[in-house]
Amino acid sequence: MTRAEQLDFMISELAEGIQTPETEEDKWTAFRSLVNTRRPGPVSRRFLEVQDAFLHEEARRKGIITIDDMEKAGDGLYVWQGDITALAVDAVVNAANSGMTGCYCPCHGCIDNAIHTFAGVQLRNACAEMMAEQGGPEPTGRAKITPAFNLPSRYVIHTVGPIVKGRVTEQDRALLRACYRACLAAAEAHGLGSIAFCCISTGEFRFPGPEAAEIAVNTVLEYRKGGGSCRVVFNVFQDRDLKIYRRLLNGIYNAE
């Protein structure tokens, strides 16, 4: 099947009777929108076969990034700017919401949406099963791990960061530190050798970027100094965040 034919098939499976768009770009937008809004539940084996082949080819087309491609920022520490769904590390961290089943806003720009889109519908189903067993929303500052399915990484570690309302409080800071610690503990518990952190809570949850980065770096450095061996990637998307992490890490290592 061509890419367009794959998209046509998946769209028709997700929304029976829908008229598929004409252009490949519009087909992709329609497919992603349907995936984003779809509730957890079973799909056909054929759908999974087509979806998985499609997403693996999408990953290849975007380019898969390994730690060897990244900027080293210290002992076991790396900084990389770009799409976290392209990273072939042991685990990528998802900035989740308390429902833990992803972002339901069609084609939204958040990392939760991207991770669920490119992992495939299996990730939402796995998260829904996990949350059904839990029986309630995910508390802030903890972490849960799932397979990554069609992402280049092996696992996704999901964490709910603090939502800042007005000024940043000490509780906000403590909860953000707890997110990083919980993710690192989950990686250690599963014997993982590398983890890529997004900028937790700095987007929709409104934690100021510079202070969030400082908490992230300091928490990871405490982990490394305490004997933690997992290599850590600080994954950023915006230029301003890249500058913040470079400044923080250069200042720390140049002062030693």
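The values are calculated or read from the model by the stated rules, or taken from the named source; none is laboratory data. The shown structure was predicted, so the numbers you read here are calculated from the model rather than taken from an experiment. All Cβ positions, glycine included, derive from the backbone under ideal geometry; neighbour counts span all protein chains shown. All accessible areas refer to the heavy atoms of the entire protein, side chains included, with ligands and DNA or RNA removed. Shrake-Rupley method; radii C 1.70, N 1.55, O 1.52, S 1.80 Å.
Only helices reaching 30 angstrom along their own axis (Cα) with mean Kyte-Doolittle hydropathy no lower than 1.6 count here, and not one DSSP H run of the chain does.
Give the lysines whose C-alpha is closer than 30 Å to that of K72, dropping any in the same chain fewer than 8 places away, or say none. Answer for K72, where 30 Å is the Cα cut-off: K62, K144, K225, K243, listed by chain and number. Take region 117-157 with all the other protein chains still there, run a 1.4 Å probe, and you get 40 Å² of accessible area per residue. Each residue, D239 and A53, gets one label point 7 Å from its Cα in the Cβ direction; the gap between the two is 4.2 nm.
The slack in the chain from R45 to C107, taken as 0.36 nm per residue of separation less the alpha-carbon distance, amounts to 19.8 nm. Among R177, R39, R61, whose mean-square fluctuation peaks in a Gaussian network model of the chain (Cα, cutoff 10 Å)? Maximum fluctuation in the GNM of the chain, among the listed residues, is at R61. Length gained on full extension, T2 to A15, computed as 0.36 nm times the residue gap minus the Cα-Cα distance: 2.7 nm.
Is it possible to state the helix-based mean residue ellipticity at 222 nm for the chain, with each DSSP H run of 4+ residues giving -39500 (n - 2.57), the sum divided by total residues, to the nearest 500 deg cm²/dmol? What is it?
That calculation yields -15500 deg cm²/dmol at 222 nm.
Considering the zone a paramagnetic label at K165 would reach in this model (a point 7 Å from Cα along the Cα-to-Cβ line), which residues of region 207-233 have amide N under 16 Å from it? Under 16 Å, as judged by backbone N against the label point of K165, lie 207 of region 207-233.
Across the accessible surface of the chain, with the other protein chains kept in place and a 1.4 Å probe, carbon and sulfur atoms take up 49 percent.
FRET efficiency for the pair A185 and K72, taken as 1/(1 + (r/R0)^6) with r the Cβ-Cβ distance and R0 = 30 Å, rounds to 0.80. With the convex hull of the Cα atoms taken as the outline of region 1-120, the averaged projected area works out to 8.7 nm².
Is the shape of region 50-146 best called rounded, prolate or oblate, per the rule: a/c under 1.5 gives rounded, else a/b larger than b/c gives prolate, else oblate, with a ≥ b ≥ c the square roots of the Cα gyration tensor eigenvalues?
oblate
Which residue, N235, N97, N125, has the most motion in a Gaussian network model of the chain that connects Cα atoms within less than 10 Å? Checking each option, the largest mean-square fluctuation is seen for N125. Residues considered: V43, V121, V236. Largest GNM mean-square fluctuation over the chain, using C-alpha springs under 10 Å, is found at V43.
Counting Lys and Arg as +1 and Asp and Glu as -1 over every other residue whose Cβ lies under 11 Å from the Cβ of I111, the net charge comes to -3.
What net charge do the residues around Q122 carry, taking every other residue with its C-beta under 13 Å from that of Q122, with Lys and Arg at +1 and Asp and Glu at -1?
0
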